[in-house]
Structures are given as C-alpha cells and as structure tokens.
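I have placed the structure first, in the form of structure tokens, so that the comments after it can refer back to it.
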Amino acid sequence: MKLAAILVHLNPVAIPGALLILIGLWGILARQNLFKIAVAFSILGTGVNLVILSVGYIRGRTAPILDGEAAVASMTDPVPQALVLTAIVIGLAVTALLLSYAVRLRSGGGGSSIEVHGDEKW
C-alpha cells in the first residue's frame, strides 16, 4: 500500500494530537525544571484534547446544530466536544496549580529544578 493511500485514511485531527502527546511526555520525562514540566503537562493536555475531539470527527459531516430531520444524519457527535470544553477548564486549573507549586518551591529557598529538592520529590 502506498503512503498516500495510508495518509488519506488517517484522521487529520488525531495525528497532531498524538504528536503533542509525545512531545508532552518527552518534556515531562526529560526535563528537570519545574516550570518546563508544567508547560509540558499543558502541551500533553492539549494533545489529549485533540485526540478526544478526533473520536467525534467524521469526514464530511457538519457541526452539531439541529435545523431539521436531515441534519441529524449529517452531523458529528457533540459529546466529545462537550468533554473537551470541560477538559480545557480542568487543564487550566491543573496548570495554575502546577505553576503555583513551582513558584512556592522556588521562593521557599530551593531552586526550580527537581534535583535541588532531593528526597522531597518522592
């Protein structure tokens, strides 16, 4: 099977989501700076949101706005979109919490690196 034939069948929303998840995981596992880890969590959350959106994506369908009987057959699933809206709000709260922890640890006499805190990280 040719590469072009494979790419036609892939979901165009899930591919960037998977890439963002991989970038976020790499940022969490490879970095020691708490602020960079918080940004990596945000990137990972954005990737997860895109993957959730890709579940409801169907090529050729329209937005889930009901305007008649024919619209039901041609619209996408609105549930993943509602879940992503909720996940965006939760992700914002988690990012704020992570950043506040990082600021508190740094202002408490330690640095912004995980290695500075020694056994406290576990």
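Nothing in this text is a laboratory measurement; each read-out follows from the coordinates by a stated rule. Predicted, not measured: the structure shown is a model, and the values here were computed from it. With ideal geometry, Cβ positions are generated from the backbone for all residues, glycine too; neighbour counts draw on all protein chains shown.
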Exercise for review: Return one number: the angle in degrees, 0 to 90 and rounded to the nearest 10, between the long axis of the Cα atoms of helix 34-56 and the longest principal axis of the Cα atoms of the chain.
Suggested key: 10
Exercise for review: List every residue whose amide H lies under 5 Å from the amide H of Met75, counting only residues 5 or more places away in sequence or on a different chain, with H placed 1.01 Å from N in the peptide plane.
Suggested key: Thr62
**Study point:** On Cα atoms only, tilt of 14-30 relative to the major axis of the chain in degrees
**Key:** 10
Review point. In the stretch 1-68, what trypsin sites (Lys or Arg not before Pro) fall in a loop by DSSP, with at most 11 other Cβ atoms inside 10 Å?
Key: Lys2, Arg59
Exercise for review: With P(r) over Cα pairs in 10 Å bins from 0, in percent defined as stated, name the option among (1) 12, 48, 35, 5, 0; (2) 13, 29, 26, 18, 10, 4, 0; (3) 15, 50, 30, 5, 0 computed from the structure displayed.
Suggested key: (2)
